[in-house]
Amino acid sequence: MKKIQMNALREQVMPALVCKKEEFQLLGYEQVTIDEIWDCLFYKKWKKLKEEKKLFEIVNDILTLSVSEYMTYITVQSQQETNWFDDDNLEALQELF
């Protein structure tokens, strides 16, 4: 499914996204954002969709997203974005030797 199509539906499912964000915050994950929840669903659950999802299916995916699925996505994203050999990290690596 195309990101443009899914982003058009995002406003319609915003109450479910807010609900999921508040649920995660109640569980102690204070830093969670709606954008991260949406990206997790888009890039993890919906990345290989061949046909358009119905609105109730999108809401169901949002409401059934588990903390472990979300944390796995966030962990992988942070590891992919980290450049261990930039100037700041290079100094830390040199200190190890």
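In loop segments of region 6-38 as defined by DSSP, the GluC sites (Glu not before Pro) with at most 15 further C-beta atoms inside 10 Å of their C-beta are E11, E30. Near S78: Cβ cut-off under 14 Å, other residues only, Lys/Arg at +1 and Asp/Glu at -1. The net charge is -3.
When you filter the trypsin sites (Lys or Arg not before Pro) in region 5-82 for DSSP loop state and at most 11 other Cβ atoms inside 10 Å of their Cβ, you are left with K47, K48, K50, K54.
Each value in this text was obtained by applying a stated rule to the coordinates, not by laboratory testing. Note that the structure is a prediction, hence the values are computed from the model and not measured. A quick note on method: Cβ atoms are made from the backbone with ideal geometry, for glycine too, and the neighbour counts reach across all protein chains shown.
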